[in-house]
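S.K.: What follows is a structure written as C-alpha cells; I'll ask about it next.
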Amino acid sequence: AAGSAASRAAAGALATFPEMALCTPLETGKLALQLDALKAAPAFDNRLQTAAAALTAAAGPAALYAGYCALQCRQAVWTAVYFASRPAFAEAFGALPGATFFSGLGAGVLGAVANCPFDVCRSVAQKELIGAWVSGGDAVTRAPGLAHAVAAGRSVVSARGARGLWAGVGFKSL
C-alpha cells in the first residue's frame with residue numbers, strides 16, 4: 001500500500017467528514033424511529049421522512065445532527081485504524097488462501113475494538129437527546145459537541161466501569 005501507516009490513517013479519518021455529513025441525519029432518524037416504536041402510540045409510523053420532518057419542525061435542521069461529534073469520532077477512528085493496519089495484516093497473511101479476506105477482517109475487527117468507546121458514547125448521547133424529545137420532552141435544539149459525548153462516556157464509566165465503554169464489542173466485531 002502506498003504511503004505510511006500514519007498517512008493512510010489521516011486520509012481515512014479525513015474521508016469520514018463528508019461521509020458523516022451525509023449519514024448523521026440518517027443515523028439520527030433511525031434512532032428516532034427505534035425510540036418512537038417503543039412508545040404505546042408511535043407517531044412516525046416507521047417512516048424516516050416523517051421522523052426527520054418532525055425533528056426538523058421541532059428544532060430546525062440542527063436536530064438531524066444530534067450526536068454528530070461522537071459519530072464523527074467513531075467513524076474517523078474506525079477508518080483510520082482500518083486503513084493504517086490493513087497492509088500489515090495483508091503482509092502477515094502473505095499468499096495464504098483467503099489472505100485478502102482475512103486481512104480486511106483483521107483490520108475491521110481492530111477498528112471496531114478501537115472505535116467501540118466512541119460508539120458507546122454516541123449511543124448514550126443520542127438516546128438521551130432524541131429519546132427525551134420522542135418521549136414528549138424538550139426538543140433537541142442543537143447538535144451537541146464533544147463535551148456532551150465526553151459526559152456520556154463519563155456516565156457509562158460511572159455506572160459500569162471502563163469496561164462499559166466496550167459494551168457490545170464482540171457483536172460489533174462480527
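The values are calculated or read from the model by the stated rules, or taken from the named source; none is laboratory data. Bear in mind the structure is a predicted one, so any value in this text is a computation, not a measurement. All Cβ positions, even for glycine, are placed from backbone atoms using ideal geometry, and neighbour counts span all protein chains on display. Side chains included, ligands, DNA and RNA excluded: accessible areas come from the protein's heavy atoms. Shrake-Rupley method; radii C 1.70, N 1.55, O 1.52, S 1.80 Å.
S.K.: Return the long-range amide H neighbours of ALA66 (sequence gap of 5 or more, or a different chain), with a cut-off of under 5 Å between placed amide H atoms.
M.R.: Amide H neighbours of ALA66, under 5 Å, 5+ apart: none.
S.K.: Another question, then. Between ALA92 and LEU48, what length comes free when the chain is fully extended (0.36 nm per residue of separation minus the Cα-Cα distance, one decimal in nm)? Numbers along the way, then the final one.
M.R.: Details: separation 44, 0.36 × 44 = 15.84 nm, distance 4.35 nm.
Result for the pair: 11.5 nm of gain on full extension.
S.K.: Here's something else I'd like to know. Give me the distance in nm between label points sitting 7 Å out from Cα along the Cα-to-Cβ direction at ALA58 and VAL157, one decimal.
M.R.: 3.1 nm
S.K.: Another question about this same structure. Given the rule -39500 (n - 2.57) for each run of at least 4 DSSP H residues, summed and divided by the residues of the chain, what is its mean residue ellipticity at 222 nm, to the nearest 500 deg cm²/dmol?
M.R.: Working: 6 runs with 127 residues, N = 174.
Counting only the DSSP helices, I get -25500 deg cm²/dmol.
S.K.: Assuming R0 = 35 Å, can you tell me the calculated FRET efficiency for the pair ALA10 and ALA132, based on Cβ-Cβ distance, to the nearest 0.05? Spell out each step's value before the answer.
M.R.: Working: r = 36 Å, r/R0 = 1.04.
Efficiency at R0 = 35 Å is approximately 0.45.
S.K.: Rule-of-thumb check for segment 1-42: C-alpha Rg over 2.2 N^0.38 Å?
M.R.: Working: Rg = 17.4 Å, N = 42, 2.2 N^0.38 = 9.1 Å.
Output field value: 1.91.
S.K.: A follow-up question, please. Where does each of LYS30, LYS39, LYS127 land when they are ordered by accessible area, with a 1.4 Å probe and the largest first? List each step's numbers first, then the result.
M.R.: Values: LYS30 95, LYS39 65, LYS127 115 Å².
Ranking LYS30, LYS39, LYS127 by accessible area, largest first, yields LYS127, LYS30, LYS39.
S.K.: Okay, next question. Give the carbon-plus-sulfur fraction of the accessible surface of segment 35-74 in %, rounded to a whole number; probe 1.4 Å, heavy atoms of protein chains only. Numbers along the way, then the final one.
M.R.: Values: 1270 of 2040 Å².
That fraction is 62 percent.
S.K.: Let me ask another. How big is the chain on each of its three principal axes, counting only the C-alpha atoms and giving the largest first in Å?
M.R.: Between the extreme Cα coordinates on each principal axis of the chain lie 57, 33, 29 Å.
S.K.: Compute the whole-percent fraction of alpha carbon pairs in segment 75-117 spaced more than 11 Å apart.
M.R.: Of all Cα-Cα distances in segment 75-117, 57 percent exceed 11 Å.
S.K.: Compute the accessible area per residue over segment 1-132, keeping the other protein chains in place, probe 1.4 Å, unit Å². Could the numbers behind the result be given before it?
M.R.: Numbers: 6460 Å² over 132 residues.
On a per-residue basis, 49 Å².
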